[in-house]
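The numbers here are math on the coordinates, done by the rules we state, and not lab data. All values derive from a computational prediction rather than experimental measurement. No Cβ is skipped: glycine too gets one built from the backbone with ideal geometry, and neighbour counts run over all protein chains shown.
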Amino acid sequence: MTFRELREDEPFDPSALISGVPFTQAGFYGAWQKALGRKVRRFVAEENAAPAAYFQLIRYPLVGGKTYLYAPYGPVVKNNASGFLDSLKKELARIAREEQAVFVRLDFTPPAAAEHAASFFAEAPSYTYHSAYFQPRIEWYLDLAPSEEELFTGTHEKTQYSIRTGEKRGVAVEVITKDFGKYFDDFYKLMTITAERNGFHLHEKEYYEGIFRNLPSIPDSYLVAARYGEKILVIDLFIVFGGIANHVFGCSSNEERTRMPNYLAQWEAIRHAKKIGCASYNFGGIATDADPHAGWEGLTRFKRRFGGREVRHSAFFDLVAQPFWYRLYSFRKRFAGR
């Protein structure tokens, strides 16, 4: 097994290895991170001159001027054999030394067997899982093979009622596939309102601006906007990659909530994803009894009531390069909850 860092002009194609690759291991996701000033490095592992794994590492800051590297839903691996993991450990140790990183966090796709990966890497403590930079461990997916009628009847009766209420109370929904930029100001305003209402932190404004700038380069990606009269009440943003429509961001007004615009917007987004041939619709992260994730209870209930299934991602595994600073990082995450 040999590892090679890819040049900018070389293809980075994890979808060639397996189906359903998360978009966080797509080239455009790395470009977003670079636009924010974060360092991104892309690698391929080759066996007998053929690609066996791909991953991109993103460098993030820690307090005290320290950094760590994270492969969001990566590496994307054809076969998590012992030989690969042993070679990967050596390569990551080399990269960590170059970057002077405290640790390298891995997020295997497909999920790595814990007892197997733990022979080579440290399984990250659960209290280090929650951060704006880390991807959720459990997401809620809806398979789009059934007919539109079957998808509708498969939703909870309260969801069906709410969708019909939105229609009856004058909510209009538009699917937007071009000219994304003219919706950015409304989107960011609603994101700010949603963050204040639900108690979460936003990324830098430049992060969202970069995504909107790059949406035209991602085929089939779209926005859904729900209005009442001239007022936009909801904007949802979807990235389509690998046959999956991913609900990346959703934001809504505090006004006119009895008109149920969120339900109707979500339903129209599902209909559009099916129309353009997506195999699955990813609602994004959810809370569970094992991972309650404070503040996600209502959002999780909302997503589950559309029908679907859980998709569980890998546990986090860390290559620890600087043990002292890693212990301090873990201590801070455990007791500061940050």
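Worth a mention:
- Charge dipole of the stretch 138-312 about the Cα centre (unit charges at C-beta), most positive-ward option of SER221, GLN160, GLY277: GLN160
- Calculated diffusion of the stretch 138-312, Stokes-Einstein form, Kirkwood radius summed over Cα pairs, 20 °C and 1.002 mPa s, µm²/s: 130 µm²/s
- Nearest 10 degrees, 0 to 90: helix 157-168 Cα axis against the chain principal axis: 60 degrees
- The order of ASP236, ASP107, going from fewest to most other C-beta atoms within 10 Å of their C-beta, is ASP236, ASP107.
- Among GLY74, GLY166, GLY199, residue whose mean-square fluctuation peaks in a GNM of the chain (springs only between Cα atoms under 10 Å): GLY199
- Backbone phi angles across the stretch 96-111, fed through the Karplus curve with coefficients 6.51, -1.76 and 1.60 (θ = phi - 60°), yield HN-Hα couplings of 4, 5, 4, 8, 6, 7, 5, 7, 10, 9, 10, 8, 3, 10, x, x Hz in residue order; Gly and Pro are listed as x.
- Counted over the chain with a bin width of 20 Å, the fraction of Cα pairs per bin, in whole percents, is 29, 57, 14, 0.
- Principal-axis tilt of helix 261-275 within the chain, Cα atoms, nearest 10 degrees: 70 degrees
- Mean ellipticity per residue at 222 nm, deg cm²/dmol - from DSSP H runs of n ≥ 4 across the chain, formula -39500 (n - 2.57): -10000 deg cm²/dmol
- One decimal place: the segment HIS201-TYR129 gains 24.3 nm when fully extended, by the rule 0.36 nm per residue minus the C-alpha distance.
- Note, ³J(HN,Hα) from phi for the stretch 235-244, Karplus 6.51, -1.76, 1.60, rounded to Hz, x at Gly and Pro: 9, 10, 10, 10, 10, 9, 8, x, x, 10
- Entries in LYS66/LYS90; LYS158/LYS189; LYS178/LYS275; LYS158/LYS274 that, when Cα-Cα distance is taken, lie over 19 Å: LYS66/LYS90; LYS158/LYS189; LYS158/LYS274
- Shape call, the stretch 177-243: gyration tensor on alpha carbons, a/c limit 1.5: oblate
- Ascending count of other beta-carbon atoms within 10 Å, so fewest first, for SER162, SER87, SER119: SER119, SER87, SER162
- Arranged from fewest to most other beta-carbon atoms within 10 Å of their beta carbon, THR177, THR109 become THR177, THR109.
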